[in-house]
Structure formats: structure tokens, C-alpha cells
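The values are calculated or read from the model by the stated rules, or taken from the named source; none is laboratory data. Quantities reported herein were computed from a predicted structural model and do not represent experimental measurements. Here the Cβ positions follow ideal geometry from the backbone for every residue, glycine too, while neighbour counts run over all protein chains shown.
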Amino acid sequence: MRLGVAGFVIAVMLSSCATTPPVQEMADARSAIQAAREIPRTNLPAELALKSAEQMLAEAADAIRKEHYEQARQIALAAKRKAQSAVQYKQKP
């Protein structure tokens with residue numbers, strides 16, 4: 001009986017992760033995109049990465065509207081990484 005209750009509690013905890021909007025991940029992605037926009041130097045790889053990050057952020061917002069929170073979370077994390085790569089491209093000589 002203990003394993004059944006423990007298993008149930010763990011399942012509820014894991015499922016609750018996917019039932020809340022990814023507020024922090026969206027904020028982090030927006031912040032990374034803004035940081036990339038603020039760097040004046042640009043090149044084609046940086047612009048493509050930034051455009052991709054912006055599109056991903058829009059996809060994440062759409063997933064949130066559809067209440068697909070885990071999908072939105074993953075897309076927002078990818079958008080943040082893409083924006084960070086745009087920053088790296090802009091900082092290359």
C-alpha cells in the first residue's frame with residue numbers, strides 16, 4: 001500500500017509540473033532576446049538566430065494559449081538558447 005500511495009504522490013507531483021504556465025521560462029527567453037537586440041553589432045548568423053528565437057517565443061506563447069504548458073516550456077527554453085547564440089554571434093570579431 002505504501003508504494004501505491006508514494007507512486008500516486010510522485011505521479012501527481014510530476015503532472016503538476018506540466019499544468020502551470022512556464023512563466024519563468026518565457027521571461028528568461030524574452031530577456032535573452034532583448035539582450036541580443038541591444039547589441040548593436042550584427043551579422044547574418046546573429047540576425048537569423050535572433051529571428052528564430054523571436055519565432056520560437058511566439059510559438060511558445062501560442063502553446064500557452066492552447067494550455068500546452070510543457071510544450072511551451074520546451075520551446076521557450078529553446079528560444080532562450082537561440083537568443084544566447086545570437087549574442088555570441090554578435091560578439092564575434
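When you scan the stretch 5-23, do you find a residue that is in a loop (DSSP other than H, G, I, E, B), of a type outside the set (Ser, Thr, Tyr) and at pLDDT 95 or above, even just one?
yes
Looking for whichever is in contact with a Ser or Thr (Cβ under 6 Å, 6 or more places away or on another chain) and at pLDDT 85 or above here; the options are Ala32, Ala49, Ala27. Which one fits?
Ala49
Could you list, in sequence order, all residues of the stretch 24-65 that are within 14 Å of the chain's Cα centre (by Cα), aliphatic (A, V, I, L, M) and surrounded by fewer than 13 Cβ atoms within 10 Å (Cβ to Cβ)?
Ala27, Ala58
For the stretch 39-89, what are the residues that are β-branched (Val, Ile, Thr) and either free of Cβ contacts under 8 Å to residues at least 24 places away in the same chain or within 13 Å of Met26 (Cβ to Cβ) (or both)?
Answer for the stretch 39-89, where residues must be β-branched (Val, Ile, Thr) and either free of Cβ contacts under 8 Å to residues at least 24 places away in the same chain or within 13 Å of Met26 (Cβ to Cβ) (or both): Ile64, Ile75.
Inspect all residues belonging to the stretch 75-93 and state whether any of them is modelled with pLDDT under 95 and in a loop (DSSP other than H, G, I, E, B).
yes
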